[in-house]
Every structure is written in C-alpha cells, then in structure tokens.
Amino acid sequence: MQDVRERPTDAREAADAQHARFAEPGSDFLAYLHLWDYLREQQRALSSSAFRRLCKREYLHYLRVREWQDLFGQLRSAATDLGLTVDRGRDGVRDENGRLPIAAELAQRVHISLLSGLLSHVGMRDADTKGNKAAGGKGKRRPLTEFAGARHARFALFPDSSLARKPPPWVMVTELVETSRLWGRTAAQIQPEWAEPLAGHLVMRVYSEPEWDRRRGAVMALERVTLYGLPIVTARRVGFARVDPEAAREMFIRHALVEGDWDTGHKFFHHNRDLLDRGEELERRARRRGLVVDDDALYDFYDQRIPATVTSARHFDSWWKKTRPATPDLLTFSADQITGPRADRVSPADYPDQWDGFPLSYEFQPGDTRDGVTVDVPLAQLNQVQADSFSWQVPGLRQELVTELIRTLPKPLRVNFVPAPDVARAALARIGPEDGDLLAALSRELTQLRGVPVPRDAWDPAKLPAHLRVTYRVTDHGKVLAEGKDLDSLRREVRPRLRATLNQAAPGLARTGLRRWDLGTLPREFSDGQVKAYPALADAGDAVDVRLFDTPADAERSMRRGTRRLLLLSVPSGARSIGQNLSTTQKLALARSPYPGAVALLDDCAAAAADEIITQAGGPAWDADGFAALVTAARAGLHALTAQVVADVARVLAEAQEVEAVLARADAHAGEPAFVDVRAQFGGLIFSGFIGATGVRRLPDLVRYLRAIQQRLDKLGDGIRDAERMATVHRVAQAYRETVADLPPGRRDDPDVQAVRWMIEELRVSLFAQTLGTNGPVSEKRIYTALDKVLAGP
C-alpha cells in the first residue's frame with residue numbers, strides 16, 4: 001500500500017500527530033481506512049482547491065490521494081462488471097464522533113485476506129529483547145521490542161506505527177525495510193491460528209507426548225505447528241491415531257484393556273478385571289510375585305484377537321458390537337490364562353479374609369509399618385481378642401514365622417536346629433493354634449524333636465521381620481484410634497475409651513455411690529452379641545461403684561477391692577479404737593512406719609483383715625446372699641482379726657527398726673554390693689501399703705525375713721561366701737522378673753505367681769540364716785520348676 005502522507009523532516013512531529021488521529025489499536029490498515037473515510041467526507045464538503053489546501057495543511061500527498069481514489073474507482077467498476085454488489089448497509093450508521101465505524105468482523109476479514117499474501121511477513125514478539133532502545137521524537141528513547149520473523153529473521157516495528165508503543169504478541173507487516181536495522185512497516189495485529197488454514201503445505205507439524213486419555217477413550221498427543229520456523233500452534237491436543245495408528249492401538253490395548261484404565265460397561269472387561277484383582281490380591285497376601293502373568297502376556301492375548309483398525313474406545317465399541325454375537329467369549333479370560341507357573345504352590349485358603357471373626361487386610365510394602373497382616377478390631381470387641389491365637393500367624397506365613405523364630409535363638413541352641421526350614425516344617429506337622437501359646441508349644445516340640453531343652457525365654461520375637469508380626473488396628477465407627485504390633489500396649493492406650501464404651505453398652509448395670517448391697521445378683525459376664533464385658537464392684541473411697549471391665553482378670557481384682565470396701569462400710573473394723581489401746585512399745589513401733597500416718601496404717605490393717613475374712617468365706621460375693629454371709633463372718637471375727645494384724649505389724653516394724661539401725665551404723669559400707677542388695681530386699685518388704693500387699697497369713701514371716709537380714713549383716717566378714725550366695729539369689733530373682741514380664745498383666749498377681757516371690761525370700765533365709773528355718777523345702781532348682789509351672793499356666 002502506497003503511503004499518501006508527506007513526511008518532511010521539519011514536520012515529523014506534526015505528521016505523527018496527524019497519523020495518531022486516525023490510528024486504531026491493533027492495525028495500521030485501520031488507520032488508512034479511517035483516513036479514507038475522512039478524505040471522502042472532506043472532499044464532498046470542500047471545493048477542489050480547498051481540498052488541495054487541506055491535504056497540504058495536514059501533510060497529505062495530494063497526488064497520491066488522487067491515485068488512491070482512482071484505484072478505488074477502478075476496483076468498484078470492475079466489481080460492477082462482474083455482477084458484484086458493494087455492501088452499503090454500514091454507511092448509514094456513524095459513531096458519536098461522526099465517523100463511520102469499522103466492524104471487528106470486517107476488520108478481521110480484511111486482515112485474513114491480506115495475511116494470505118503476507119505469510120512470510122509474520123512476526124512473533126520476542127519477550128527476551130525487552131529493554132532495547134530505539135530513537136523517538138526530540139531525542140527521547142523508548143523501549144524497543146523485537147519480533148522473530150520468518151526464516152530466523154528479526155525485525156522491529158517502525159516507530160511511526162500505532163502498534164510500536166504497545167506491541168501485540170503477533171503481527172504482520174506489508175514490507176520489511178532494512179536501514180540501521182530491519183524494520184517492519186504498515187503492521188497489523190493478527191492471531192497465529194489465522195495462518196494455519198492459509199499456509200497449507202507451508203506449515204510443519206510435530207507431535208509429542210502421546211498419552212492415554214481415559215475420558216475420551218483415546219490416545220492424545222500434543223501437536224506443534226510451525227510456519228517458517230514460527231510456532232503458530234504450540235500444544236494442541238489431537239488424536240494420535242491419525243498420526244501413528246499402530247502406536248495408538250498399542251497404547252489403547254495396554255492402558256484400557258491390560259491396565260484397566262477405561263470406563264466401560266463391557267461384561268468381559270469387568271470379568272477380566274475381577275479375575276486379575278483376585279490374583280494380584282493373592283500375590284500381595286502370599287508376598288510372591290509371578291502368581292499372575294505379566295502385562296506382556298495379557299497384551300499378547302488382546303493383540304491376537306483385536307483387529308489393527310481398533311485404535312480407540314470408539315473404534316473398539318463399533319467392532320465389538322458386530323463381533324460379540326458370534327463369539328461372546330473371545331476376550332474373556334479363564335483362570336489358567338492369567339496364572340503364572342508358581343500359582344499352584346499357593347492356596348487362597350492359607351490367607352483368610354477373617355480370623356476369629358475379625359477382618360484381615362494384607363500389605364506387601366517392605367519397610368512400611370503396616371507391612372504384613374493387619375487385624376481390624378472394633379473398640380467394643382478389643383477385650384475379646386486373644387493374642388495367643390494371632391501369634392501363630394495365618395497358615396500361609398506360619399512356616400516362615402517358625403523358621404525365623406528358630407533363627408532368633410542364641411547360637412549355642414540354634415546350631416541344634418539346622419536347617420531351620422526343615423525343622424520348622426517338622427514341628428508344624430505336630431503342633432498348631434489349638435496348642436495355645438506359640439512360643440511355649442514350639443519350645444516343647446523342639447525339645448522333643450532334638451532332645452535339646454529350649455527355654456521359652458530363649459526366643460526373641462523382637463528380631464522377627466516386621467511382616468511376620470501381626471498389626472492390630474483399633475477402630476471406632478470407622479475411625480482408627482490406635483495401631484501397633486503390641487496388643488497389650490494398645491489396650492492400655494485405649495482403655496479409658498474402651499471402658500466408657502462398655503459402660504454405654506450396658507447402662508442398666510453401671511452404678512455409682514453404693515454403700516450397701518442392693519444389686520440383687522451381679523452377673524459375671526455381660527454380652528449383647530457383639531460387646532462382651534465383665535461387671536464388678538469398684539472401690540470409690542467412701543462408696544462403691546459398679547463398672548464394666550474388659551477382662552475377667554481386671555474384673556476379679558476390682559471385685560475383691562470393691563467387696564472389701566463395701567464390707568468395711570457395712571461392718572466397722574474398730575481399727576481406730578484398737579490403735580488407741582496399744583501398748584507404748586507398740587505405738588512407738590507403729591509411729592516409725594513408712595505410711596504417711598497412723599490412720600493410713602490402721603486402715604491398711606483393717607483392709608488386710610477384711611481380705612482374709614473374704615477369702616475364708618469363699619468370697620468375693622456376687623449376690624445378696626453371698627454378701628450377707630460375708631457380713632455375718634465379718635461381724636463375728638473382723639474386730640479380733642484386725643487387732644491381731646495390728647499386733648503382727650507392730651512386731652514387724654519393731655524388727656524393721658533394728659535392721660535400719662544396723663544399716664545406719666554401717667553407712668560407710670553403703671556402696672558395697674552386699675549392702676546394696678540388703679537395702680533393695682528391705683525396700684521390697686517394708687513400704688507404704690506392705691500390710692495389704694503381704695496379707696494376713698504372711699505377716700509373721702516378715703519378722704523372720706528381717707531377722708535373716710540381721711544375721712547376714714553380722715556375717716559379712718566372709719565376703720566371698722556371701723557373694724556366691726547373693727549370686728544365686730540374683731539368678732532366680734532375674735528369672736522371676738523375666739517370667740512375670742512374659743505373663744499377661746492379668747496373670748501377674750495370681751497366687752501361684754506370688755508364691756514364687758515368697759519362695760525367693762525363703763531361699764534367702766536358707767542361704768544367709770539357716771538357723772531360722774524355712775517355711776517348707778526350698779532351693780534354686782525348686783524355684784525354676786515353679787517358674788516353669790507358672791509359664792505352663794494354671
């Protein structure tokens with residue numbers, strides 16, 4: 001397009017202002033269209049000479065304007081000859097400035113028509129050139145933005161362009177002029193997508209990143225279209241099947257059919273997925289790969305049956321609609337087709353979904369805390385879980401468990417049981433969960449197999465791999481409350497919530513503030529089908545409550561204490577009056593007790609007497625008649641028995657004061673092993689609460705034990721013999737502590753367990769003060785035998 005403007009050097013600023021008058025954002029072409037409208041209006045309003053003077057005054061080249069008008073007339077005449085009509089509908093409407101508007105639609109069509117001949121004059125703004133400078137009017141400098149052009153050319157918009165100050169992302173120019181640099185003149189803003197249908201074979205298309213689109217059911221790729229090196233389309237998602245049908249078909253089969261990433265209602269598809277899911281679940285449970293055929297085998301199955309023309313879900317649906325009536329099982333898996341060569345070695349029955357009524361879940365994630373078998377236990381049923389049963393693991397992991405347990409034995413024992421897998425297999429052929437505790441049963445069986453005694457404490461379950469130790473997950477209405485591999489720790493953690501839940505399950509049983517028996521019969525067990533609890537009396541200080549406990553052992557212990565409190569509330573013990581009538585010597589002995597005061601000591605004496613009466617009467621009571629029998633027995637003998645207990649305690653404390661005096665005189669030797677041992681023994685005998693803990697029947701024995709301590713202190717001159725005897729006591733004491741630690745918490749206070757504790761005291765008497773005599777035969781061997789019986793159970 002020929003420029004009709006005159007641009008004398010001294011009138012450059014005026015020319016720029018005149019050009020800006022007609023400039024329209026987005027295109028220099030629109031400025032010319034507005035200028036054309038303006039000149040036509042002025043020519044109709046002015047005479048020929050006045051119009052000439054207007055052109056000169058406004059820096060317009062009159063001859064170029066005439067040429068422009070002649071060209072317009074010629075084109076219009078040619079259009080008329082061809083039968084084309086010129087749309088005059090837009091001429092009647094003017095904007096608020098009196099100018100004829102140029103519709104955006106018309107402008108876009110003009111730009112597109114011009115673009116078809118200016119494809120090599122397209123430019124893309126280069127953001128990296130921001131900050132370059134170009135000359136402006138009166139020496140000013142303003143930022144210059146470069147454009148990347150065709151065939152690696154780079155140009156800038158000429159400063160007189162209406163787009164130079166705010167360059168758009170894409171432009172086309174009518175000419176490229178090279179002076180101090182390459183300039184683009186007469187520019188217009190365009191959209192790059194306009195060029196694609198015009199360029200035809202000139203564009204280059206590149207496809208990348210093909211991926212499966214589940215929603216579309218087809219493989220999609222990113223298309224990049226370039227024109228002379230300029231990206232007119234950068235990342236358009238297109239169907240990959242028209243680019244590479246073979247690759248699209250392979251991806252469709254792998255993602256949609258093999259991996260199951262497809263939303264469809266085809267019956268064969270869901271049948272196959274269910275079959276594969278069951279196989280993969282069995283792999284996870286058995287912790288073995290290869291039970292299900294790999295993806296390549298599944299791909300080959302589909303590849304042999306699906307034609308090459310199927311490249312997407314739409315193509316597949318069309319093909320299958322025609323094929324299914326004749327061969328409905330063509331794409332249906334059978335169990336033999338998806339199982340690997342190792343599948344026949346694994347039985348699903350060895351990995352059950354439930355165990356003792358509790359659901360199981362399996363994880364195969366080595367290193368994760370949940371790796372292995374997890375038991376989901378509802379909070380209300382936590383007290384019904386038997387740890388001994390779960391210690392055997394599921395049948396599929398049992399042999400591995402026993403093998404690894406054998407490997408945890410100390411080396412002197414372990415060498416007798418090799419190879420460990422064979423020994424484990426032989427042992428499991430003769431024992432099972434019905435034999436109770438796994439470690440105890442395994443110790444007995446290995447001893448019989450090889451004739452080598454295996455103590456129960458020789459096993460070290462802490463060394464087992466994590467997946468061989470069952471994980472317990474306590475839940476309440478779908479929420480996980482606690483999780484871990486130590487069931488006893490979990491019970492302690494959630495015990496307050498568990499008891500609250502049990503009490504809510506049986507609101508008619510829970511009571512508070514009882515001071516007399518008005519319960520009728522208290523059931524020993526409560527069950528509503530799911531929740532199982534054990535009601536019992538609980539000592540609340542000045543009253544008695546009825547609470548529900550999670551284990552029978554806890555209920556039994558609480559019942560004894562609760563019955564004792566209710567009995568003392570019903571029958572006064574007279575302990576206070578007994579204390580007032582003591583002799584001066586007895587009062588002095590009681591005054592130096594470890595109790596916080598005389599009242600606490602006398603209350604503990606009464607409690608010990610009440611415990612003895614309850615034991616003699618066959619208590620505790622569970623009904624009104626039973627409690628009435630206890631009251632009768634207490635009224636007959638509680639006062640006298642309490643007085644006896646107080647007298648026994650006075651003798652014990654008098655003897656204890658003598659031992660303390662001896663220890664005080666030997667304070668210089670307090671750090672020696674013998675004195676450390678004596679002080680530990682003394683602290684275990686005399687402490688706040690020792691009366692009730694010792695019991696009425698054993699209180700007189702304390703006097704003998706304390707005298708044995710004095711005799712030992714008197715003989716400490718023979719240090720070697722004392723050290724040997726002390727080593728014997730320490731061995732059995734350590735064995736006792738380890739045995740108690742292995743017992744369930746509810747079992748540790750049982751009479752047979754406490755009896756061993758007193759056997760150790762008798763052993764001390766036999767070793768350090770033989771002249772005092774013992775309460776029955778005692779030896780180190782007898783204590784070990786008693787501990788074995790404790791482990792074997794009542």
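Measuring max minus min along each principal axis, the C-alpha atoms of the stretch 620-679 give extents of 60, 23, 9 Å (largest first). Using a simple spin-label model with pseudo-atoms 7 Å out from Cα toward Cβ, Ser347 and Arg698 lie 5.0 nm apart.
Per residue, the chain exposes an accessible area of 52 Å² to a 1.4 Å probe, with every protein chain left in place. Its alpha carbons considered, the stretch 634-725 gives a radius of gyration followed by a Dmax of 15.7, 55 Å. Which entries in the list Lys267/Lys321; Lys411/Lys781; Lys463/Lys781 go over 21 Å, if you measure between the two C-alpha atoms of each? Beyond 21 Å between Cα atoms: Lys411/Lys781; Lys463/Lys781.
Taking only the C-alpha atoms of the stretch 525-601, Rg followed by Dmax gives 18.2, 62 Å. Stretching Asp518 away from Ala235 to a fully extended chain increases their span by 93.5 nm, per 0.36 nm per residue minus the current alpha-carbon distance. Comparing Cα centroids, the stretch 243-284 and the stretch 566-610 end up 81 angstrom apart.
Helix 673-685 and the longest principal axis of the C-alpha atoms of the chain enclose an angle of approximately 90°. Restricting to DSSP H runs of at least four residues, report the calculated mean residue ellipticity at 222 nm for the chain, -39500 (n - 2.57) per run over all residues, nearest 500 deg cm²/dmol. Helix-only estimate at 222 nm: -15000 deg cm²/dmol. Helix 699-714 and the longest principal axis of the Cα set of the chain meet at an angle near 90°.
Farthest toward the positive end of the dipole of the chain, out of Phe316, Thr475, Gln69, is the Cα of Gln69, where the dipole comes from beta carbon charges about the Cα centre. Placing R0 at 22 angstrom, the Cβ-Cβ distance between Asp295 and Gln337 gives a FRET efficiency of 0.95 after rounding to 0.05.
Counting only Cβ charges, +1 for Lys and Arg and -1 for Asp and Glu, the dipole size of the stretch 656-794 around its Cα centre is about 260 debye. Protein heavy-atom surface of the chain, 1.4 angstrom probe: 51% of the accessible area is carbon and sulfur, with nucleic acids and ligands not counted. Calculate the spin-label point distance for Thr585 paired with Thr728, positioning each point 7 Å from the Cα along the beta-carbon direction, and give it in nanometres. Those two pseudo-labels are separated by 3.5 nm. Under the convention that each Lys and Arg Cβ holds +1 and each Asp and Glu Cβ holds -1, the size of the dipole of the stretch 347-461 around its Cα centre is about 620 debye. In order along the stretch 244-253, the phi-based Karplus estimate (6.51 cos²θ - 1.76 cosθ + 1.60, θ = phi - 60°) of 3J(HN,Hα) comes to 9, x, 5, 5, 5, 5, 4, 5, 4, 5 Hz; Gly and Pro are listed as x.
The residues neighbouring Lys587, those whose beta-carbon lies less than 14 Å from its own, together hold a net charge of +3 under the Lys/Arg +1, Asp/Glu -1 convention. Sorting 421-432, 741-752 by average packing, meaning the other beta carbons within 10 Å per residue, from highest down gives 421-432, 741-752.
For the stretch 165-252, applying the loop criterion from DSSP together with a ceiling of 12 other beta carbons within 10 Å to the GluC sites (Glu not before Pro) yields no site. Counted over all Cα-Cα pairs of the stretch 475-610, pairs farther apart than 19 Å make up 61 percent. Over all other residues within a Cβ to Cβ distance under 11 Å of Asp295, the charged ones net out to -3, with Lys and Arg as +1 and Asp and Glu as -1. For a modelled paramagnetic label at Glu281, 7 Å from Cα along Cα-to-Cβ, the residues of the stretch 365-383 in reach, with backbone nitrogen under 16 Å, are 373-376.
Which of the listed residues, Ile720, Gln710, Leu663, is farthest toward the dipole's positive end in the stretch 611-735, when Lys, Arg count +1 and Asp, Glu count -1 at the beta-carbon? After comparing all options, I get Ile720.
The dipole here belongs to the chain: it is taken about the Cα centre, uses +1 on the Cβ of Lys and Arg and -1 on the Cβ of Asp and Glu, and is about 2320 debye. Extent of the stretch 676-768 along its three principal axes (Cα atoms, max minus min coordinate, largest first): 43, 27, 20 Å.
Angle of helix 751-768 to the longest C-alpha principal axis of the chain, folded into 0 to 90 degrees and rounded to 10: 60°. Considering only Gly260, Ala78, Gln530, and ranking their Cα positions along the charge dipole of the chain that arises from unit charges at the beta-carbon of Lys, Arg, Asp and Glu, the one farthest toward the positive end is Ala78. Here is the tail figure for the stretch 169-292: Cα pairs spaced more than 26 Å apart come to 51 percent of all pairs.
Each Cα pair under 8 Å and six or more residues apart adds its separation to the average, and for the chain the resulting relative contact order is 5 percent.
The values are calculated or read from the model by the stated rules, or taken from the named source; none is laboratory data. The structure presented is a predicted model; accordingly, all values stated were derived computationally and were not measured. Don't worry about glycine lacking a Cβ; one is built from the backbone with ideal geometry, like all the others, and counts go over all protein chains shown. Just so you know, the surface numbers come from the protein's heavy atoms only, side chains and all, with ligands and any DNA or RNA stripped out. Shrake-Rupley method; radii C 1.70, N 1.55, O 1.52, S 1.80 Å.
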